[in-house]
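Some notes on the structure that comes next.
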Amino acid sequence: MTRVQRLSTLLLKTLRDDPADAETASHRLLVRAGYVRRTAAGVWTWLPLGKRLLDNVARVVREEMDAIGGQEVLLPALLPREPYEASGRWKDYGDLLFRLRDRKGAEYLLGPTHEEIFTLTVKDQCTSYKDLPVILYQVQNKYRDEARPRSGVLRGREFLMKDAYSFDVTDEGLAESYRLHREAYVRIFERLGLDHRIVSAVSGAMGGSASEEFLAPAAAGEDTFADCPRCAYAANTEAVTAAVEPPAQAVHPAPCELDTPATPTIETLAAHLDVPASAILKNVLVRIDGEIAAVGVPGDREVDLGRLAAHLAPAEVELVTADDFAGRPELVRGYVGPQGLDVPYYADPRVAPGTAWITGANKPDTHVRDVVCGRDFTVDRYVDVVVVEPGDPCPACGAGLELGRAIEVGHIFRLGRKYADAFGLDVLGPEGRPVRVTMGSYGIGVSRAVAALAEQTHDERGLCWPREVAPADVHVVAAGKGGEVLELALDVAALLADAGVRVLVDDRGGVSAGVKFADAELMGVPTLLIVGRGAARGRVELRDRRSGAGEELTVEEAVARLT
Ligand code: ATP
Ligand code: MG
Ligand code: MG
Ligand code: MG
């Protein structure tokens, strides 16, 4: 039997006005509806009804993970430095890591993702090929000191993630574990009611051969993805650019054709290219020694930048942020000279006439400061910048690609043996010889999924939750002053709760019916049950939150309808 949740006693304060710093609908509405409160930049408190949203997403995730044989564990979030040192990520993660010291001076970090510790856990627990395959997962807060925590819980510095890891002895085993996760993810997002696309992606700092992202289309998203209207091809624009072959050898360019300061500004560049400054932007793909490192893409690429910085030392590298480019879908295509980012650049003869080439500089002194090609580094790598434009040919079938904005809600990786190698994770094989284990890792942003759903499903009146995630099934509004209204509202709520329906009842005294309606619409429970003027005749109104369609029914009819 479920319990009726009375608004009169609930820790809930809705707000009339948008929070001043809110840029996106999910941020605005989750705060206004009283689901979350900001505690620090990118750090959020989930209030009772918000906690239900989070729990509902986590429940669906757990059910589907369990269904593929996943075993839930809980690893610490407070982690020792050594394993991350061994994997190289203590350094690679750069500023993204929250680092701390204990009283004895030992170094720790707050886990941004847990490949290392899971690898060690399996090394400790599994000795034979018979112990594998195994899928382990947890639902846990992760910590990343994001360069720009933004959009409320969409990009937190503390956020709830489901992270899963598979361990297999053979490549075929890994392929199967990967397939199981991919299918589980499809079921999860379908159940959550989240519109999503699966796109091939660049694995970046996580390493490994192949990865796919689950993107939830939404204007507030920080990712741009290419979508083929004809075939099944869909890709993060990073991956599309990656499909463009870099030159086999670094091109040693002719001297700089443009007399610019060492760090040209967007304006200098635009003037030179005779294009509006707004045409110069974003997704900069950098390839270093065959590895792809993305720079200048929205979000946190400190890892890649850190690696880049190491190559360019003593250069200083900074990030071009999403905000610098927000709302500018225009396209730039071309190449940056191989000498690096914002240092003087070159016209590349391989770039078709009429296309622009860019550096990624958006303001003076960003990215790379005081670096001179030939003095500080030599050209042994190619920097490759291509941004996909609507209508560009699909790499699979040639049809014109469409571009969209989306939120990354999940990411699945075939890691291979990178971490097993780092930690010597072997099991005894069937022939009695040690076999190196191969791994996959699979993440879902649980807290981000709540925000992504809010982005996709809200309307001008507020939030509009899919039933699986909603904090309740029915929001009973006692709309009227009379004692009989309140009494009937509580009675109906109790009847529904007895039948297993999750019910909120707005029994607040001294709050007008108008305010109650506005709050109900803001909060977004899928069905409203309004007890008002008809109460004396035992009649109530059932109203669908999304469509607004209402119907007057007797209490019995309404309860029958909802149970
Ligand atoms: P992004 O590109 O948005 O920074 P990511 O690629 O760094 O995300 P992963 O390392 O792939 O993230 O982590 C797995 C999942 O965790 C992501 O797909 C996303 O849903 C979620 N996630 C990552 N960073 C955040 C964050 N700062 N706040 C909320 N959720 C996050
Ligand atoms: Mg990130
Ligand atoms: Mg990403
Ligand atoms: Mg990712």
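Read-outs: derived from the displayed coordinates by stated rules, not from any lab. This is a predicted model, so every value here is computed, not measured. As a convention, Cβ positions derive from the backbone with ideal geometry for all residues, glycine included, and neighbour counts pool all protein chains shown.
How far apart, in nm, are two points set 7 Å out from the Cα along the Cα-to-Cβ line at Glu557 and at Arg433?
About 7.7 nm, to one decimal.
Under the 0.36 nm per residue contour assumption, what length would be gained going from the current alpha-carbon distance of Arg103 and Ala86 to full extension?
Value of the extension gain: 3.8 nm.
Please compute the length gained on full extension between Glu23 and Arg461, using 0.36 nm multiplied by the number of residues separating them and subtracting their Cα-Cα distance.
156.0 nm
Once you have the Cα-Cα distance between Arg187 and Ala549, take 0.36 nm times their residue separation minus that, and quote the gain in nm to one decimal.
Once the chain is fully extended between Arg187 and Ala549, it gains 127.4 nm.
Using DSSP to call loops (not H, G, I, E or B), can you name the trypsin sites (Lys or Arg not before Pro) in segment 404-461 whose Cβ has at most 16 other Cβ atoms within 10 angstrom?
The qualifying sites are Arg417, Arg461.
If r is the Cβ-Cβ distance from Ala232 to Ala513 and R0 is 45 Å, what FRET efficiency results, to the nearest 0.05?
0.35
With labels modelled as points extended 7 Å from the Cα through the Cβ direction, what inter-label distance (nm, one decimal) is found for Asp498 paired with Arg179?
Distance between label points: 5.1 nm.
Per residue, what volume in Å³ does the convex hull of the Cα atoms of segment 508-550 enclose?
Dividing the Cα hull volume of segment 508-550 by its residue count gives 77 Å³.
Grab the beta carbon distance between Asp491 and Thr39, set R0 = 51 Å, and tell me the FRET efficiency rounded to 0.05.
0.85
If you take the square roots of the eigenvalues of the alpha-carbon gyration tensor of segment 466-563 and sort them as a ≥ b ≥ c, do you get rounded (a/c under 1.5), prolate (a/b over b/c) or oblate?
It is rounded, given that a/c, with a ≥ b ≥ c, falls under 1.5.
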